[in-house]
Amino acid sequence: MASSLIIGTRGSRLALVQAHSVAKDLEAGQGGLSVQVRVIKTKGDSDRSASLDTFGGEGVFVKELERALVSGEIDMAVHSLKDLPTSLPDGLAIAAVPERVDVRDALISRDSARLDELPSGALVATGSPRRRSQLQHYRPDLRFSGIRGNIDTRLKKLEEPDGPDAIVLAVAGLQRLGWNDRISEILPPEVCMPAVGQAALAIETRKDDHPTLEAARRIEDLPARQAVMAERSFLYRIGGGCHTPVGAWGRIRDDCLELDAVLAADDGSWIARHGLRGLPEEGPELGRRLAEAVMARAEQAEQAEQAEGNTQSKSSGPTRRTTESQ
């Protein structure tokens with residue numbers, strides 16, 4: 001049994017809050033255990049001005065942490081699970097998924113206006129293609145721009161004279177930092193489906209480090225793991241990452257796994273939704289089946305959009321199409 005552990009984390013305020021929370025839970029779960037938190041600078045943190053699209057590939061917030069884990073510099077890494085690619089390096093594993101918090105997205109606007117209250121042409125800033133495409137589908141009259149930086153940096157953008165009218169952030173991050181009062185509206189999943197793994201943490205360890213694995217598993221929340229593993233299976237089959245307009249939400253209710261997902265056009269011109277229900281232990285298979293269904297509906301929506309575009313007058317404007325099923 002481990003007597004001391006080193007947790008690796010990004011250096012942002014939110015990442016540190018999350019890592020220290022895990023450290024506290026680990027120490028509480030195993031008497032006599034001492035846990036140290038060590039900051040590892042990641043590629044995604046080193047350049048906060050460039051769009052994430054320019055970095056190439058996934059894992060810009062996790063690769064350096066994983067290298068430190070493999071080398072033995074740290075014993076475990078604490079990630080926001082949505083940042084973790086669906087394929088892990090050889091020898092590493094998600095040892096535990098602690099209890100998940102609110103998965104939804106939040107709108108923060110200058111005058112506390114809700115999404116439906118924003119004036120036509122209002123500028124909404126988000127660095128997420130998933131959020132942008134869904135909100136553009138819901139409100140095609142809005143304008144959208146990218147945004148980078150930590151939560152506090154993004155919030156300050158609203159105070160700038162030439163800043164956006166609103167930004168979109170995860171509810172979980174705002175809650176963990178105690179900034180619930182900044183939320184103008186919590187967006188329902190029917191309007192903005194969360195990212196895969198949103199609001200969940202992942203404790204990553206070496207597969208052969210059994211004392212650390214045992215310590216991590218003491219704070220595992222099985223329903224949270226079952227839900228996010230179904231979501232990750234869906235994302236893996238879709239072949240998407242953080243730059244793909246795709247979202248999924250799994251949750252366990254009455255011993256049933258409910259899994260819903262969306263895939264959208266980059267410009268929000270069409271969106272495909274579908275949902276499946278099954279046993280919690282069938283999560284990975286449910287995720288794969290859902291991906292197949294969503295991709296089929298996305299293909300239908302895209303073909304219909306193209307056919308309609310061929311016959312529609314240019315002056316009539318774009319059509320928003322949604323393909324849904326449960």
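Here are the numbers:
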read-out: Wholly within region 106-174, strands (runs of 3 or more DSSP E) carrying at least 3 residues that are on the phi < 0 side of the Ramachandran plot and surrounded by 19 or more Cβ atoms within 10 Å (Cβ to Cβ); value: 166-170
read-out: Complete set of residues in region 72-101 that are buried (at least 22 other Cβ atoms within 10 Å of the Cβ), part of a loop (DSSP other than H, G, I, E, B) and of a type in the set (A, V, I, L, M); value: Ile74, Leu84, Val97
read-out: Pairs, first under 16 Å from Pro245 (Cα atoms) in region 128-157, second modelled with pLDDT of 95 or more and of a type in the set (Lys, Arg), C-beta under 8 Å, six or more apart; value: Phe144/Arg132
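For every residue, the table says whether it meets (1) surrounded by fewer than 12 Cβ atoms within 10 Å (Cβ to Cβ); (2) at pLDDT below 95; (3) in contact with a Cys (Cβ under 8 Å, 6 or more places away or on another chain); (4) in a helix (DSSP H, G or I).
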{"residue": "Arg288", "(1), (2), (3), (4)": "no, no, no, yes"}
{"residue": "Glu292", "(1), (2), (3), (4)": "no, no, no, yes"}
{"residue": "Ala307", "(1), (2), (3), (4)": "yes, yes, no, yes"}
{"residue": "Ser315", "(1), (2), (3), (4)": "yes, yes, no, yes"}
{"residue": "Ser325", "(1), (2), (3), (4)": "no, yes, no, no"}
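The values are calculated or read from the model by the stated rules, or taken from the named source; none is laboratory data. Since the structure is predicted, the reported quantities are computational estimates derived from the model, not experimental observations. Virtual Cβ from ideal backbone geometry, glycine too; neighbours counted across all protein chains shown.
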